[in-house]
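Report on one structure; see the data block that follows.
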Amino acid sequence: MVKARLGGVGLAAAVALAAPATAGAAEWKFALEEAIHEVQGVYATKFKEVVEAESGGEITVTVYPYGTLGESADVTELTQAGVLQLANASPGFTGSIIPEIQVFSVPYLLPEDDAVLNEFFRNSRLIREGFAPLFEEQGLAAIDFYPEGEFVMTTKEPVRSREDLDGVKFRVMTSPLLVETYNAFGATPTPLPWGEVYSSLQLNMIGGQENPMFFVESTKMYEVTDYIVFTGHNTYTTTIVGNLAWYDGLAEEERDILASARSQAFEHIVEYQETLAQDALDKILEAKPEMEVIRLGDDERQPFREAAAAVEAEYVEMAGGRAAEILERFKADVEAAKAAVD
Ligand code: 6CS
């Protein structure tokens with residue numbers, strides 16, 4: 001069992017976490033990497049609504065948004081330790097403990113078309129079953145995977161080529177393959193937890209970062225960068241993890257409620273995101289009309305695609321174990337999703 005670093009947990013939150021649930025009723029504590037009004041919060045709100053309704057009030061879901069229990073690594077550790085039952089744990093961070101999950105960070109592997117993307121997340125056997133043993137080795141149950149939107153780069157200088165990223169200190173999440181990705185893209189990758197990104201941009205310690213459009217808007221990244229660059233290189237993926245001992249100990253009825261809440265929240269979040277990125281971009285341009293939007297054309301994307309081949313090879317090398325098999329299954333499931341949508 002991994003020992004949780006409780007350093008990031010505030011006193012009030014720690015007291016609340018330690019408090020026993022009301023006698024007879026179960027409480028599922030669910031921590032997020034985002035605020036309650038952001039994508040993970042919208043998912044968790046739906047999940048809570050379904051669990052509480054379908055259990056007739058026997059189960060309460062308590063949601064801890066980002067800022068109450070520390071960074072992503074902290075809430076993952078608290079889940080491994082059984083202090084929390086559920087958490088968002090995105091591969092951009094969990095790649096540090098589950099190297100194979102970094103397949104989600106290989107550029108240009110996930111489909112760009114939304115219908116294909118959603119079909120892939122909904123029905124891929126790799127996603128729905130194949131990753132489970134890797135999470136179990138870390139004391140975690142793999143409960144759900146869902147996309148949170150296309151990554152865009154936001155930068156202080158215009159980017160149209162890999163040369164434009166030369167010498168740019170570019171913030172990435174802390175999974176090692178993201179360092180390889182931005183090395184291959186020509187930048188100087190700088191892994192940082194989320195809480196340090198805004199101030200690092202403000203103080204010019206870094207010159208760019210990547211995130212989905214809704215997050216650029218909701219966290220006001222546009223205030224400290226001047227360009228939004230569409231490269232089409234990836235989609236932000238998150239996973240929901242559960243404490244394995246807790247998950248294994250659930251009664252059949254509780255498992256059914258969990259499965260129902262998971263699938264209803266998944267469909268809810270897919271629908272919720274239909275216009276989210278465009279709405280966020282509109283809000284950014286209204287708040288900061290001088291923000292420049294650069295959409296790389298096919299020719300301009302080509303060098304980034306070529307760089308992705310090196311990242312793919314590095315993934316197999318770095319993740320070892322089942323990485324090569326996972327990569328092939330991933331590609332096969334993307335092809336299956338394309339065929340299903342055609
Ligand atoms: O870039 C990050 O670190 C954050 N991005 C998103 C979309 N969600 C949470 C994560 O910490």
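Below is a table of values for the structure above.
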| quantity | calculated |
| --- | --- |
| Helices (runs of 4 or more DSSP H) lying entirely in segment 240-341 (those with 3 or more residues that are under 25 Å from Glu100 (Cβ atoms)) | 244-248, 252-272, 298-319, 323-341 |
| Single residue of segment 310-320 satisfying the filter (closer than 21 Å to His233 by Cβ and not aliphatic (A, V, I, L, M)) that is most open to solvent (accessible area, probe 1.4 Å) | Glu317 |
| Tally of residues being away from the ligand (no atom under 15 Å from the Cβ) and under 25 Å from Leu327 (Cα atoms) across segment 56-100 | 4 |
| Residue ID - farthest from Glu267 (Cα to Cα), chosen from residues in segment 129-154 that are within 16 Å of the ligand (Cβ to nearest atom) and β-branched (Val, Ile, Thr) | Thr154 |
| Pairs with Cβ under 8 Å, 6+ apart, first in segment 134-145 and modelled with pLDDT of 95 or more, second open to solvent by 10 Å² or more (accessible area, probe 1.4 Å) and among the basic types (Lys, Arg) | Leu134/Arg322; Ile143/Arg262; Asp144/Arg262 |
| Matching residues in segment 186-209 - criterion: being surrounded by 15 or more Cβ atoms within 10 Å (Cβ to Cβ), part of a loop (DSSP other than H, G, I, E, B) and more than 13 Å from the ligand (Cβ to nearest atom) | Gly186, Ala187, Gly207 |
| Any hit, segment 217-226, residues being within 12 Å of the ligand (Cβ to nearest atom), farther than 18 Å from Val61 by Cα, open to solvent by 30 Å² or more (accessible area, probe 1.4 Å) and in contact with a His (Cβ under 8 Å, 6 or more places away or on another chain) | yes |
| Near pairs, Cβ below 7 angstrom, 6+ apart or cross-chain, from segment 321-336 (open to solvent by less than 70 Å² (accessible area, probe 1.4 Å)) to any residue that is aromatic (Phe, Trp, Tyr) | Ala323/Tyr315; Leu327/Tyr315; Asp333/Phe120; Val334/Phe120 |
| Test: Ala287 is within 24 Å of the chain's Cα centre (by Cα) and either open to solvent by 60 Å² or more (accessible area, probe 1.4 Å) or more than 27 Å from Arg160 (Cβ to Cβ) (or both) | no |
| Complete set of residues in segment 62-95 that are part of a loop (DSSP other than H, G, I, E, B) and small (Gly, Ala, Ser) | Gly67, Gly70, Ala81, Gly82, Ala89, Ser90, Gly95 |
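The values are calculated or read from the model by the stated rules, or taken from the named source; none is laboratory data. Keep in mind it's a predicted model, so treat the numbers as computed, not measured. Ideal geometry is used to build each Cβ from the backbone, glycine not excepted, and the neighbour counts take in all protein chains shown. What goes into the accessible areas is simple: the full protein's heavy atoms, side chains included, and nothing from ligands, DNA or RNA. Shrake-Rupley method; radii C 1.70, N 1.55, O 1.52, S 1.80 Å.
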